[in-house]
Every structure is written in structure tokens, then in C-alpha cells.
Amino acid sequence: MHNIDLHKIDEMITKWLKNVDQIIPNLIAEMETDTKLNRFDLVTNVDKQIQNEFQVFLQTQLEGHRLFAEEKNNDEIDPRQGHVWIMDPIDGTSNLVKQQEDYCIILGYFVDGEPKLSYIYDYPHQHLYKAIENEGAFDNAQVMKQPPNMDIEEAILSFNTQVMNDETIHQLYDASFSHRIIGSCGLDSIRVIKGQFGAHINTNPKPWDIAAQFLFAKELGLKMTALNGGPIDLSTAAPFIISNEGCYSAVLEILNSDMGYER
Ligand code: IPD
Ligand code: CA
Ligand code: CA
């Protein structure tokens, strides 16, 4: 695939993402919330409608491209084969429902499992982050730079304290500068990508939570691996870390010390 095709697709996607600005306010004004697996697992009409609109866009504008997304059945799709878009239509749905802030749209375009284009659209703050294979990453029109190396002592670490044992949590607190969590895997990852956080850890991500991060990490020299240090399978995802190179090994060492973060 030549760059020229990627640019054309990027233009189409950027336009589509800007168009959602027109529909989100009305969807939020009429917000309907349902629960999925439990009372904390939310989905709204905003999630569903954004995904539906993108599915129609793909079907009509990008022939042969398939959608692997959170609010649909993906049984027939192997995201490692062909032209596949992985989408989280709203990442941070609890934030959308409770705060109307700190949520985003995540999109990753893969060709035979290789990341080609990535988008994290922070609609409430009007920042469109994108990465283009071999061309770097952009925050709106601005080129993003590789964040400088950050030692763990200087790093803010982002992780969900509800899913780790107390000892691991306190070791991470003691070793780092501080802890923050936004509650959107995409936006917590963006903080790492921008050099604000040292690392973000999610112990149970789904492919759509981390689809865009692969290419940002590649383009900006960040580490993105499973928590055992190995590669992440796109089709299943795995407990993951996206991290500044400077603190990556120290964080992984703590997570895997003694019996590990899950004991
Ligand atoms: C969730 C958020 C949250 C993360 C969960 C995700 P959703 O996504 O990214 O920060 O901890 O693992 O499922 O449900 O809002 O799309
Ligand atoms: Ca998500
Ligand atoms: Ca979601």
C-alpha cells in the first residue's frame, strides 16, 4: 500500500470524525443509558449511534473494509486479516454518563494485522490525535514529539487500583512520583503518549481499548507490551502497558515481583 492511499483514507476519516461534532450534542441531550454485564458496565445511545454511523460510512465509502467494534458481534472477523477497523465508539462511557467529560472515540486501521492509521478523538476537549504509519503522530495539526525519557521516580503512573493487590499498589506508589487515573484507556494512554504520564496499565483491556495505541507507540518510541513483556495479540488483547521507555522496566519489575500484581 502506498502512502498516497493512506493519506486519502486519513482525509476521509478526519472528515468523518469532524462530522460527529454535529451529532454528539443531540445524542447527549437525549441520552439513554443501559447496563451490560453489571451496573458499572454502561452503554448509551451515543456509543451505539456513533458506531452505527461509522459502520454505514465504511460500507458505503471504503469497500472491503470491515469493522471490529465493541457494540457489535465480531465472531466472523479476524482483525489480523485484511482491511480491518477496530473501534471503540465511546471509550470512557462511565465518564460520559457521570461527567460528560473525559471520553473519546478510538479507531485503529490495520492491514493484515499491521497498524496503518490510528485515531483517538477527545471530543470534549476538541483534540484529534492521529498517527500515520512511518509519518509520526499529530495533535490536531501539530506534530507530536517523542517524549523525553522519564525515570520511575519522576513518573505519574496510571492504573486501576481495584484490580491489583495492595502490596503491588504500594510498591508502585513508593517507586513513582504519583498516581492518576482518568478512566478512559484511550485518554490515559494519550497522557503517556504526550509525556505527561510515565505509564498506563490496564489489566483487562479489549482489542478496541488499545487499538489506536499500537501505532502511536511505534511512531513515538514508546513501549507497548503485555504485562509479561511479550507482544499483544490484536484479536484478544491482553493485560497491557503503554510506557515511556525510561520507566518501563522498573514498572514491569514491580508488577511481576513476588507472585505478581494479581496475587
Ligand atoms: C473502559 C475504560 C476504562 C478501562 C476499562 C474499559 P469503556 O472502556 O477505558 O478506563 O479501565 O477497561 O473497558 O467501557 O468506557 O469503553
Ligand atoms: Ca473502552
Ligand atoms: Ca466503549
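The values are calculated or read from the model by the stated rules, or taken from the named source; none is laboratory data. Given the structure is predicted, the values throughout are model-derived calculations rather than measurements. Virtual Cβ from ideal backbone geometry, glycine too; neighbours counted across all protein chains shown. For accessibility, only protein heavy atoms count, side chains too; no ligands or nucleic acids. Shrake-Rupley method; radii C 1.70, N 1.55, O 1.52, S 1.80 Å.
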Expected output for segment 135-146 (first residue small (Gly, Ala, Ser), partner open to solvent by less than 70 Å² (accessible area, probe 1.4 Å) and in a strand (DSSP E or B), Cβ below 6 Å, 6+ apart or cross-chain) is 137/131
Quiz item: Somewhere in segment 19-28, is a residue open to solvent by 50 Å² or more (accessible area, probe 1.4 Å) and within 18 Å of the chain's Cα centre (by Cα)?
Solution: no
Counting only residues in segment 176-211 that are away from ligand 2 (no atom under 16 Å from the Cβ) and closer than 19 Å to residue 162 by Cα, the one most open to solvent (accessible area, probe 1.4 Å) is identified as 180
Note to self: Among the residues in segment 216-234, are any of a type outside the set (Val, Ile, Thr), under 9 Å from the mean Cα position of the chain (by Cα) and either open to solvent by less than 20 Å² (accessible area, probe 1.4 Å) or more than 16 Å from ligand 2 (Cβ to nearest atom) (or both)?
What the structure shows: no
Exception for residue 165 within (1) over 29 Å from residue 42 (Cβ atoms); (2) in contact (Cβ under 8 Å) with a residue 24 or more places away in the chain; (3) of a type outside the set (A, V, I, L, M, F, W, C) falls at (1)
Within segment 138-165, restricting to residues that are at pLDDT 95 or above, outside any loop (DSSP other than H, G, I, E, B) and open to solvent by 30 Å² or more (accessible area, probe 1.4 Å), the one that is nearest to residue 211 (Cα to Cα) is 138
Given the conditions (1) open to solvent by 60 Å² or more (accessible area, probe 1.4 Å); (2) closer than 29 Å to residue 55 by Cα, every one holds for residue 170 apart from (2)
When (1) of a type in the set (Phe, Trp, Tyr); (2) within 13 Å of ligand 1 (Cβ to nearest atom); (3) within 16 Å of residue 107 (Cα to Cα) are applied to residue 216, the one that fails is (2)
Reported set for segment 206-233 where residues are closer than 18 Å to residue 85 by Cβ, of a type outside the set (Asp, Glu) and in contact with a helix residue (DSSP H, G or I) (Cβ under 6 Å, 6 or more places away or on another chain) is 213, 216
Looking across segment 29-48 at residues that are in a helix (DSSP H, G or I) and either hydrophobic (A, V, I, L, M, F, W, C) or open to solvent by 70 Å² or more (accessible area, probe 1.4 Å) (or both), the single one that is farthest from residue 70 (Cα to Cα) is 29
